[in-house]
Each structure stands twice: as C-alpha cells, then as structure tokens.
Amino acid sequence: MIGQLRSVVIDCPDPRALAGFYAELLGLPLAEQDSEHNEWVVLGGPRGHHPRVAFQRAPDLQPPNWPDPARPQQFHLDVTVDDIEAAERAVLALGARRLPGDGEDEGFRVYADPVGHPFCLCWD
C-alpha cells in the first residue's frame, strides 16, 4: 500500500448546497466548512479520520452528461441501500434525478445529484 484514501473531492458551484444533499444521502455529519467564502465543505469524521467527502467551489463547472462520452461521468459514488424504491423516493425528494442506462438486472440504478454528478443506488 502506498497511501490511504483521505477524501473524495467533488467540484461544484455551491459547496454548502451539494454537501447538504450528500449529508442526507450518506448520513455523514458536517466536519468542516469555509464559512466565510463557501469555497470548501467536508463531510465525515473530524480531521484525521478518513475517508471523508469534500466539496470545493468550481463556479464554471461543466457537469457530465450521462451517458454521453463527450462529457463523461469523471467519477461516481456507489451507495448501498436496503430498499431501492424508498431510497429512490428519498434522493428524488432531495433534488436528484434518475438517469438512463441503469443496471436494474445488475442491482443498481443511476442518478444525478443536484449539480449533475452521477451516482448509483445499489442493492443485493
């Protein structure tokens, strides 16, 4: 092993807003934020406890356009859920949208967060 995962950092126009979405989706607490400029927000444990999910301000973000290869997904999170139907209702209520090309037969559905980053809800 060369190192350990510290953070997954997601670019977005409004770090507080997108962190709020992922805090609800993943049940992660707010760990730190740049309260003055809204440039950086981190979810997870306190400093030194990893991994964490961080959000950094990128005002000119060009979001991916799933499944268009000209604007690929860049990264995505797989989130395990017990009840896909209840989880789908919850993420849609938070501002996610369902995307085409999901893998129902393989145990996942694809969504976009409020900024356009794809993520999957997975079940066994």
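The values are calculated or read from the model by the stated rules, or taken from the named source; none is laboratory data. Quick caveat, the model's predicted, so the values are computed rather than measured. Every residue, glycine among them, receives a Cβ derived from its backbone with ideal geometry; neighbour counts consider all protein chains shown.
If I ask for residues that are surrounded by 12 or more Cβ atoms within 10 Å (Cβ to Cβ) and among the acidic types (Asp, Glu), which ones from region 83-114 would you list? Correct list: 88, 102, 113. Selection of region 16-54 for residues being farther than 20 Å from residue 90 by Cβ and under 10 Å from the mean Cα position of the chain (by Cα) yields only 54. Screening the candidates 89, 52 for the property of being under 22 Å from residue 29 (Cα atoms) and in the same structural domain as residue 12 (by TED's automatic domain parsing) yields one hit, 52.
Against the condition over 25 Å from residue 109 (Cβ atoms) and surrounded by 15 or more Cβ atoms within 10 Å (Cβ to Cβ), how does residue 31 come out, does it pass? Judged against the criteria, residue 31 is a match. Restricting the search to region 71-82, which residues are of a type outside the set (Ser, Thr, Tyr), surrounded by 11 or more Cβ atoms within 10 Å (Cβ to Cβ) and in contact with a Phe, Trp or Tyr (Cβ under 8 Å, 6 or more places away or on another chain)? Passing the criteria: 73, 76, 77, 79, 81. One residue alone among 112, 17 is at pLDDT 95 or above and of a type in the set (Gly, Ala, Ser), and that residue is 17. Looking across region 37-70 at every residue that is at pLDDT below 85 and of a type outside the set (A, V, I, L, M, F, W, C), the one that is nearest to residue 119 (Cα to Cα) is identified as 67.
Hey, among 26, 43, which residue is closer than 19 Å to residue 5 by Cα, out of contact with any strand residue (DSSP E or B) (no Cβ under 6 Å at 6 or more places or on another chain) and surrounded by 11 or more Cβ atoms within 10 Å (Cβ to Cβ)? None of the others qualify; the one that does is 26. Listed conditions (1) surrounded by 13 or more Cβ atoms within 10 Å (Cβ to Cβ); (2) among the acidic types (Asp, Glu); (3) more than 17 Å from residue 75 (Cα to Cα) are all met by residue 11, apart from (3).
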